[in-house]
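The values are calculated or read from the model by the stated rules, or taken from the named source; none is laboratory data. Since this is a predicted model, take the numbers as computed values, not measurements. No Cβ is skipped: glycine too gets one built from the backbone with ideal geometry, and neighbour counts run over all protein chains shown. Just so you know, the surface numbers come from the protein's heavy atoms only, side chains and all, with ligands and any DNA or RNA stripped out. Shrake-Rupley method; radii C 1.70, N 1.55, O 1.52, S 1.80 Å.
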Amino acid sequence: MTSRTDKYIAPFCVAGVGLLCLASPLFLNLGSQMPDYLASQQLASQQEQQRKELIERKKTSDRIKQTGLSITGSTHTLTDYLDSPDKLPNIPKTVLNRYATTQAWVFDASDQCIGRIVKGNFISKHNSPSTCKDIPNGTK
């Protein structure tokens, strides 16, 4: 008595096609969602990189505060201020304390000189018009 195995091939193929039809929504959705998934993964890796950079900057800033080193920059830009001839710029005391022993030029958001800090005191170009005429080359 011999059994023919080829008689089971057709039902097996029909069952396989049926399973593929049932599972096709999974595969079709994956294909359309793949670009969104890749974009979200790229965004997540960029955010992780930015977090690492911020952590490193914080460590550096804490270490500078710990050692008591002074900031050596010679310019300070007020990013949220545009110079107006009617009012004097308001510089926070913390900024003035950073430049307590040095001299720094102060610029507004449009890179216009508005004064300088000398030994912790702010000298505005409104009070002393010649203040911004002495800017050394390469400062801004």
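Out of (1) modelled with pLDDT of 75 or more; (2) not in a helix (DSSP H, G or I), what's the single condition that is false for LEU43?
Only one criterion in (1) modelled with pLDDT of 75 or more; (2) not in a helix (DSSP H, G or I) is unmet by LEU43, namely (2).
Considering only region 26-37, how many residues are among the aromatic types (Phe, Trp, Tyr) and exposed (fewer than 10 other Cβ atoms within 10 Å of the Cβ)? Walk me through it before giving the result.
Of the residues in region 26-37, the ones among the aromatic types (Phe, Trp, Tyr) are 27, 37.
Of the ones still in play, those that are also exposed (fewer than 10 other Cβ atoms within 10 Å of the Cβ) are 27.
Of the residues in region 26-37, 1 are among the aromatic types (Phe, Trp, Tyr) and exposed (fewer than 10 other Cβ atoms within 10 Å of the Cβ).
Any idea which of THR131, THR60 is in contact with a Cys (Cβ under 9 Å, 6 or more places away or on another chain), among the polar types (S, T, N, Q) and modelled with pLDDT of 75 or more?
Details: THR60 fails: in contact with a Cys (Cβ under 9 Å, 6 or more places away or on another chain).
Exactly one of THR131, THR60 is in contact with a Cys (Cβ under 9 Å, 6 or more places away or on another chain), among the polar types (S, T, N, Q) and modelled with pLDDT of 75 or more, namely THR131.
Go through region 83-110 residue by residue and tally those that are modelled with pLDDT of 80 or more and within 29 Å of LYS65 (Cβ to Cβ). Don't jump to the end; show me each part of the working.
Pass one, region 83-110, residues modelled with pLDDT of 80 or more: 104-108, 110.
Checking which are within 29 Å of LYS65 (Cβ to Cβ) leaves us with 104-108.
Count: 5.
Which one of the conditions (1) open to solvent by 60 Å² or more (accessible area, probe 1.4 Å); (2) at pLDDT 80 or above does ALA23 fail to meet, given that it meets all the rest?
(1)
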